[in-house]
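S.K.: Have a look at the structure that comes next, please.
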Amino acid sequence: MPDYADHALRMSEIAAEAARGYFRGRLGIEFKKDESPVTQADKGVEAEVRAYLEQHFPDHGIFGEEQGFDGVDRDEIWIIDPIDGTRSFLSGHPLFGFLLGYLKAEVPQLGVIGMPALGETFIGVQGQGATLNGKPIQVSRQNRLDRAVLYVNEGDKIHRDYPQLFDRLMQSGQTRRFAYDCYPHALLAAGHVDAVIDYDLQPYDYLPVSAVIEAAGGVITDWDGRSLGLQSDGRVVSAATPDLHAEMLALVKG
């Protein structure tokens, strides 16, 4: 795994350099069937990371947001979100990320949350801890929701589909913030945020993030408390401690 981690960091550097080359420049923007945007940057970053993987790990599968799944039946898989937060990226907002995960038998073993515009790289390796730019990080010790810093990701979608849950969230935590994309989960891994609820995610959104959070000592599952995998439904809750996570699950269930 240390060798894999070195490769993952190199891919994060490649992705960050490529993304910065597009950021706040002229972008060709298209919209997918679900009306989510995709830019030249999304396609270009994924192409560069795929080329690296095909060179160094030709026997591994690759699952990328833009180009789909190659080698779906393989035991070892790399998962890529080239620009996590395309809407942030195309609007010049610096909190877009790059996500990379390594799965063995569908279980996340390694995850990277890269923040190209911020110059931050979070990496977590199962059993070896998590780091930010090479320095160890860990989650907070907060175990009470009423004292927690709570981030609500995709709040507009939660409000639309789960209005009663949204109302409960607005009464929860010592303080709360609305956000999108991967950075709140990275902040949780680093101990700045205590809990995050997220919604409508894809495997390339939540699996790399889950590896970082768990390596930093946190807990992340779906809204029913199940471990995350390729078939999870995209509803995610992460927390610094088991007690706080249990409170978040109870909140979700009402």
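The values are calculated or read from the model by the stated rules, or taken from the named source; none is laboratory data. Just so it is clear, the model here is predicted, and its values are computed rather than measured. Here the Cβ positions follow ideal geometry from the backbone for every residue, glycine too, while neighbour counts run over all protein chains shown. To get the accessible areas, we keep the full protein, side chains included, count just its heavy atoms, and leave off ligands, DNA and RNA. Shrake-Rupley method; radii C 1.70, N 1.55, O 1.52, S 1.80 Å.
For (1) touching a residue at least 40 places away in the same chain (Cβ under 8 Å); (2) touching a strand residue (DSSP E or B) at 6+ places or on another chain (Cβ under 8 Å), each residue gets a yes or a no:
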{"residue": "H185", "(1), (2)": "yes, yes"}
{"residue": "D200", "(1), (2)": "yes, no"}
{"residue": "I213", "(1), (2)": "yes, yes"}
{"residue": "V219", "(1), (2)": "no, yes"}
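S.K.: Pick out, from the stretch 151-234, the strands (runs of 3 or more DSSP E) lying fully within it that include 3 or more residues that are surrounded by 21 or more Cβ atoms within 10 Å (Cβ to Cβ). First the steps, then the outcome.
M.R.: Values: elements: 175-179, 195-198, 219-222.
Passing ranges, in order: 195-198.
S.K.: Mind counting the residues in the stretch 37-59 that are at pLDDT 85 or above and either in a strand (DSSP E or B) or farther than 14 Å from G25 by Cβ (or both)?
M.R.: Going through the stretch 37-59 one residue at a time, the tally reaches 15.
S.K.: In this structure, is D146 of a type outside the set (F, W, Y), more than 30 Å from R26 (Cα to Cα), in contact (Cβ under 8 Å) with a residue 24 or more places away in the chain and assigned to a helix (DSSP H, G or I)? If you could, list the steps in order and put the result at the bottom.
M.R.: On the way: of a type outside the set (F, W, Y): yes; more than 30 Å from R26 (Cα to Cα): yes; in contact (Cβ under 8 Å) with a residue 24 or more places away in the chain: yes; assigned to a helix (DSSP H, G or I): yes.
So D146 fits the description; yes.
S.K.: Could you tell me how many of the residues in the stretch 65-83 are charged (D, E, K, R) and either free of Cβ contacts under 8 Å to residues at least 24 places away in the same chain or farther than 28 Å from Y180 by Cα (or both)?
M.R.: Going through the stretch 65-83, the residues charged (D, E, K, R) turn out to be 65-66, 70, 73-76, 81.
If we keep only those that are either free of Cβ contacts under 8 Å to residues at least 24 places away in the same chain or farther than 28 Å from Y180 by Cα (or both) too, we end up with 70, 73-76.
Number satisfying all stated conditions: 5.
S.K.: Quick one: how many residues across the stretch 171-192 are closer than 22 Å to G254 by Cα and in contact with a helix residue (DSSP H, G or I) (Cβ under 9 Å, 6 or more places away or on another chain)?
M.R.: Keep residues of the stretch 171-192 that are closer than 22 Å to G254 by Cα, which gives 171-178.
Still in the running and in contact with a helix residue (DSSP H, G or I) (Cβ under 9 Å, 6 or more places away or on another chain): 172-174, 176-178.
Qualifying residue count, the stretch 171-192: 6.
S.K.: Can I ask one more? Count, please, the residues in the stretch 62-81 that happen to be within 16 Å of Y52 (Cβ to Cβ) and crowded, with 22+ Cβ neighbours inside 10 Å. Working first, answer last.
M.R.: We begin by selecting, within the stretch 62-81, every residue within 16 Å of Y52 (Cβ to Cβ); these are 62-64, 66-67, 70-71, 76-81.
Checking the rest, the ones that are also crowded, with 22+ Cβ neighbours inside 10 Å come to 63-64, 77-81.
Residues flagged as within 16 Å of Y52 (Cβ to Cβ) and crowded, with 22+ Cβ neighbours inside 10 Å within the stretch 62-81 amount to 7.
S.K.: Hey, another quick one. Is the stretch 132-141 home to any residue that is of a type in the set (S, T, N, Q), open to solvent by 40 Å² or more (accessible area, probe 1.4 Å) and at positive phi?
M.R.: If we filter the stretch 132-141 for residues that are of a type in the set (S, T, N, Q), which is where we start, we get 133, 138, 140.
From the residues that got through so far, the ones that are open to solvent by 40 Å² or more (accessible area, probe 1.4 Å) too are 133, 138.
Now restrict to residues that are at positive phi: 133.
Yes, some residue in the stretch 132-141 is of a type in the set (S, T, N, Q), open to solvent by 40 Å² or more (accessible area, probe 1.4 Å) and at positive phi.
S.K.: Tell me which residues, restricted to the stretch 75-102, are modelled with pLDDT of 95 or more and of a type in the set (V, I, T).
M.R.: If the condition is that a residue be modelled with pLDDT of 95 or more and of a type in the set (V, I, T), then I77, I79, I80 are the ones that fit.
Residue-by-condition table, conditions (1) touching a helix residue (DSSP H, G or I) at 6+ places or on another chain (Cβ under 6 Å); (2) of a type in the set (G, A, S); (3) closer than 24 Å to F89 by Cα:
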{"site": "V112", "(1), (2), (3)": "yes, no, yes"}
{"site": "L118", "(1), (2), (3)": "no, no, yes"}
{"site": "L132", "(1), (2), (3)": "no, no, yes"}
{"site": "R141", "(1), (2), (3)": "no, no, no"}
{"site": "R144", "(1), (2), (3)": "no, no, no"}
{"site": "R147", "(1), (2), (3)": "no, no, no"}
{"site": "G155", "(1), (2), (3)": "no, yes, yes"}
{"site": "P163", "(1), (2), (3)": "no, no, no"}
{"site": "D167", "(1), (2), (3)": "no, no, no"}
